[in-house]
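Novice: What follows is a single structure, and I will ask about it in a moment.
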Amino acid sequence: ATDSFSWEQYLKETSSTPAPPGCFRQSRVPPSNDFKVGMKLEAHDPRNSTSVCIATVMGMTGVRLRLRLDGSDNSNDFWRLVDSSDIQPIGTCEKNGDMLQPPLGFRMNASSWPMFLLRTLNGAEMAPVAAFKKEPLRPPQNLFKPGMKLEAVDKKNPYLICPATIGDVRGDEVFVMFDGWRGAFDYWCKYDSRDIFPMGWCSLTKHSLQPPGNSVTLPKSLQVLPSSPSKPSRRSMQSPYRLPTPLPALPVRKGVRGRRPKSET
Ligand code: MLY
């Protein structure tokens with residue numbers, strides 16, 4: 001179902017328009033991904049952004065890297081773009097006169113950090129300097145408007161990028177609503193967030209794009225009958241968005257679900 005989603009058709013079905021590329025802090029021409037699984041680099045600890053740690057590329061999808069901080073457990077992996085300013089070549093920290101830090105939740109005794117670091121870096125494959133791309137500039141202002149469509153990282157499942165809609169705009173922030181998921185995954189973020197992309201980004205960068213969810217409240221006449229009478233499974237929540245008839249455009253209500261978190265990154 002993942003590859004059956006077509007923006008062209010979906011925009012027609014929802015009579016909507018995409019957010020122009022100039023709204024986003026993303027390169028017009030996506031960078032290349034020159035990293036390899038296993039390479040090491042320096043990364044800001046997402047849970048403690050002032051400290052720079054050693055990270056290993058555990059995997060990648062498109063131009064996004066799945067990273068794990070060395071000395072951390074395997075349940076705190078995070079994703080960064082190859083042109084993120086949160087990552088840098090090994091040696092950068094030292095060049096700046098700083099010290100590499102153990103990650104928050106370092107699994108060993110703090111006193112074993114210097115030796116752990118030495119062993120971690122000894123013989124490690126370091127990501128080449130050329131693999132790190134310059135972070136694009138932020139657009140000078142928030143140009144998003146409610147109703148615009150985009151592709152956005154699902155922060156609860158950060159390996160997923162999904163079709164989304166701008167639900168609201170307040171100052172420097174936008175409310176990202178995930179199409180077909182009834183608000184369960186929506187969030188506020190800064191307009192220059194690196195987690196939001198113009199329509200077509202996934203296809204350009206060979207990242208998979210999830211189809212919209214099917215959790216829209218439809219008139220009875222349009223509802224798809226479940227093939228078996230069993231209770232809906234988690235799996236069925238992910239079924240393709242395809243519906244028997246083109247959907248009427250869903251009204252974009254300004255300020256819906258407008259709970260603002262204390263802070264967002
Ligand atoms: N395991 C999750 C996956 C939901 C993903 C939603 N994203 C794509 C907005 C679930 O079924 O709840």
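Since every read-out is calculated from the coordinates, none of them should be taken as a lab result. What you see is a predicted model, and the numbers here were worked out from it, not measured in a lab. Positions of Cβ are generated from backbone atoms using ideal geometry, with glycine treated the same way; all protein chains shown enter the neighbour counts.
Novice: How would you rank THR61, THR165, going from fewest to most other Cβ atoms within 10 Å of each one's own Cβ? The partial results should precede the final answer.
Specialist: Numbers: THR61 17, THR165 22.
Going from least to most buried by this count: THR61, THR165.
Novice: Compute, for segment 126-167, the length of the dipole vector about the Cα centre, with Cβ point charges of +1 (Lys, Arg) and -1 (Asp, Glu) only. Units Debye, rounded to 20.
Specialist: Numbers: 7 positive and 3 negative charges, 19 e Å.
With only Lys, Arg, Asp and Glu charged at Cβ, the dipole is about 100 debye.
Novice: Which one, LEU117, THR50, ASN96, projects farthest toward the positive side of the charge dipole computed for segment 45-131 from Cβ point charges (K/R +1, D/E -1)?
Specialist: Result: LEU117, furthest along the dipole toward the positive end.
Novice: Let me ask you something else. Using the Karplus equation 6.51 cos²θ - 1.76 cosθ + 1.60 (θ = phi - 60°), what ³J(HN,Hα) coupling, rounded to whole Hz, does each residue of segment 103-116 give in order, writing x for Gly and Pro?
Specialist: Listing the rounded values in order: x, 4, x, 3, 6, 10, 5, 3, 5, 8, 4, x, 5, 4 Hz.
Novice: Using θ = phi - 60° and the Karplus form 6.51 cos²θ - 1.76 cosθ + 1.60, what ³J(HN,Hα) does each residue of segment 130-137 get, whole Hz, x for Gly and Pro?
Specialist: Running phi through 6.51 cos²θ - 1.76 cosθ + 1.60 with θ = phi - 60° gives 5, 6, 8, 9, 5, 5, x, 6 Hz.
Novice: With the crude spin-label approximation of a point 7 Å out along Cα→Cβ, what separation in nm comes out for THR17 versus LYS145?
Specialist: For THR17 paired with LYS145, the spin-label model returns 0.6 nm.
Novice: Also, I was wondering about something else. Treat the count of other C-beta atoms within 10 Å as a stand-in for reagent exposure and order VAL29, VAL153, VAL169 from fewest to most. Show your work: numbers first, answer last.
Specialist: On the way: VAL29 7, VAL153 23, VAL169 17.
The most exposed by this proxy come first: VAL29, VAL169, VAL153.
Novice: Whole number please: convex hull volume per residue, Cα atoms of segment 74-165, in Å³. Walk me through the numbers on the way to the answer.
Specialist: Working: hull volume 15.3 nm³, N = 92.
Taking the convex hull of the Cα positions in segment 74-165, it is 167 Å³ per residue.
Novice: If I model a spin label as a point 7 Å beyond the Cα along the Cα-Cβ vector, how far apart are those points for MET115 and MET99 in nm?
Specialist: Inter-label distance under the simple model: 1.7 nm.
Novice: Between SER32 and TRP7, what's the calculated FRET efficiency when r is the beta-carbon distance and R0 is 22 Å? Round to 0.05.
Specialist: Values: r = 23 Å, r/R0 = 1.06.
Step by step, r from the Cβ atoms, then E = 0.40.
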